[in-house]
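Asks: Quick one: the structure is below, questions incoming.
The values are calculated or read from the model by the stated rules, or taken from the named source; none is laboratory data. Predicted, not measured: the structure shown is a model, and the values here were computed from it. Neighbour counts run over all protein chains shown; Cβ positions are idealised from the backbone, glycine included.
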Amino acid sequence: MNKGFTLIELMIVVIVLAILAAIALPSYQAQVRKGNEKLALQQIADLSMELEKEKTRNFSYDGLDGKSLSAKAGSKVIYNTTVSAQLREWSIKACVNQSLNDASLYKNFASNSQGATCEWSDTSCTVPSKCQ
């Protein structure tokens with residue numbers, strides 16, 4: 001009696017594994033994307049708190065105008081977050097890095113000192129008027 005697997009049995013196992021991988025990979029990528037988006041939102045929240053602390057100390061948001069952060073996954077920059085601050089108001093936007101292969105699948109985010117928050121998908125990172 002032969003002990004081992006036939007070529008057909010091995011091919012069936014490989015096909016089943018390929019089907020499982022094809023099902024699991026998109027779900028995994030979606031979860032990674034959601035995690036990166038949550039990181040961008042957290043950076044916006046951190047920067048908005050920092051801006052309010054700046055106003056409490058100096059009665060102005062000017063000290064943080066132009067500040068920027070990058071949300072990274074490994075060595076790749078996923079989001080670029082920038083602050084635009086004037087004397088009495090501020091806005092923060094987190095734009096997805098357009099050099100990513102799947103950049104069109106990510107959302108962009110913005111927030112301002114009036115409490116408006118926005119999320120949108122486009123490649124130009126043009127902030128909607130209600131969040132400027």
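Asks: Tell me which of these Ala30 doesn't satisfy, since it passes every other one: (1) among the hydrophobic types (A, V, I, L, M, F, W, C); (2) in a strand (DSSP E or B); (3) touching a helix residue (DSSP H, G or I) at 6+ places or on another chain (Cβ under 9 Å).
Replies: Only one criterion in (1) among the hydrophobic types (A, V, I, L, M, F, W, C); (2) in a strand (DSSP E or B); (3) touching a helix residue (DSSP H, G or I) at 6+ places or on another chain (Cβ under 9 Å) is unmet by Ala30, namely (2).
Asks: Run Leu51 past the list (1) in contact with a helix residue (DSSP H, G or I) (Cβ under 7 Å, 6 or more places away or on another chain); (2) outside any helix (DSSP H, G or I); (3) not polar (S, T, N, Q) and report the number of the one that doesn't hold.
Replies: Only one criterion in (1) in contact with a helix residue (DSSP H, G or I) (Cβ under 7 Å, 6 or more places away or on another chain); (2) outside any helix (DSSP H, G or I); (3) not polar (S, T, N, Q) is unmet by Leu51, namely (2).
Asks: A follow-up question, please. Would a scan of segment 93-108 turn up a residue that is in a helix (DSSP H, G or I) and either among the polar types (S, T, N, Q) or over 26 Å from the mean Cα position of the chain (by Cα) (or both)?
Replies: Yes: segment 93-108 contains one or more residues that are in a helix (DSSP H, G or I) and either among the polar types (S, T, N, Q) or over 26 Å from the mean Cα position of the chain (by Cα) (or both).
Asks: Among the candidates Gly115, Gly63, which residue alone is of a type outside the set (A, V, I, L, M), over 18 Å from the mean Cα position of the chain (by Cα) and outside any helix (DSSP H, G or I)?
Replies: Testing whether each residue is of a type outside the set (A, V, I, L, M), over 18 Å from the mean Cα position of the chain (by Cα) and outside any helix (DSSP H, G or I) leaves just Gly115.
Per-residue answers, yes or no, for (1) modelled with pLDDT of 85 or more; (2) within 20 Å of Lys38 (Cα to Cα); (3) not hydroxyl-bearing (Ser, Thr, Tyr):
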site: Asn58; (1), (2), (3): yes, no, yes
site: Asp65; (1), (2), (3): no, no, yes
site: Thr81; (1), (2), (3): yes, yes, no
site: Ser91; (1), (2), (3): yes, yes, no
site: Leu100; (1), (2), (3): yes, yes, yes
site: Lys107; (1), (2), (3): yes, yes, yes
site: Ala110; (1), (2), (3): yes, yes, yes
site: Thr117; (1), (2), (3): yes, yes, no
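Asks: Further, regarding this structure: Contact list please: Cβ distance under 8 Å, first residue in segment 48-64 and at negative phi and free of Cβ contacts under 8 Å to residues at least 60 places away in the same chain, second residue surrounded by fewer than 18 Cβ atoms within 10 Å (Cβ to Cβ) and polar (S, T, N, Q), pairs at least six apart or on different chains.
Replies: Every condition considered, the pairs that remain are Glu54/Ser60; Tyr61/Gln86; Tyr61/Ser113; Asp62/Gln86.
Asks: Quick one: which residue in Ala30, Ala24 is exposed (fewer than 11 other Cβ atoms within 10 Å of the Cβ) and at pLDDT 90 or above?
Replies: Details: Ala30 fails: exposed (fewer than 11 other Cβ atoms within 10 Å of the Cβ).
Just a single option satisfies the conditions, and that option is Ala24.
Asks: Give me the residue from segment 88-102 that is among the polar types (S, T, N, Q) and more than 17 Å from Gly63 (Cα to Cα) and, out of that set, surrounded by the most Cβ atoms within 10 Å (Cβ to Cβ).
Replies: It comes out as Asn97.
Asks: So Ser70 clears everything in (1) under 19 Å from the mean Cα position of the chain (by Cα); (2) under 24 Å from Leu87 (Cα atoms) except one condition, right? Which one?
Replies: For Ser70, the exception is condition (2).
Asks: Oh, and also: So which residues in segment 1-44 are among the polar types (S, T, N, Q) and within 12 Å of the chain's Cα centre (by Cα), if there are any at all? Steps first, please.
Replies: First, pick out the residues of segment 1-44 that are among the polar types (S, T, N, Q): 2, 6, 27, 29, 31, 36, 42-43.
Result: Gln31, Asn36, Gln42, Gln43.
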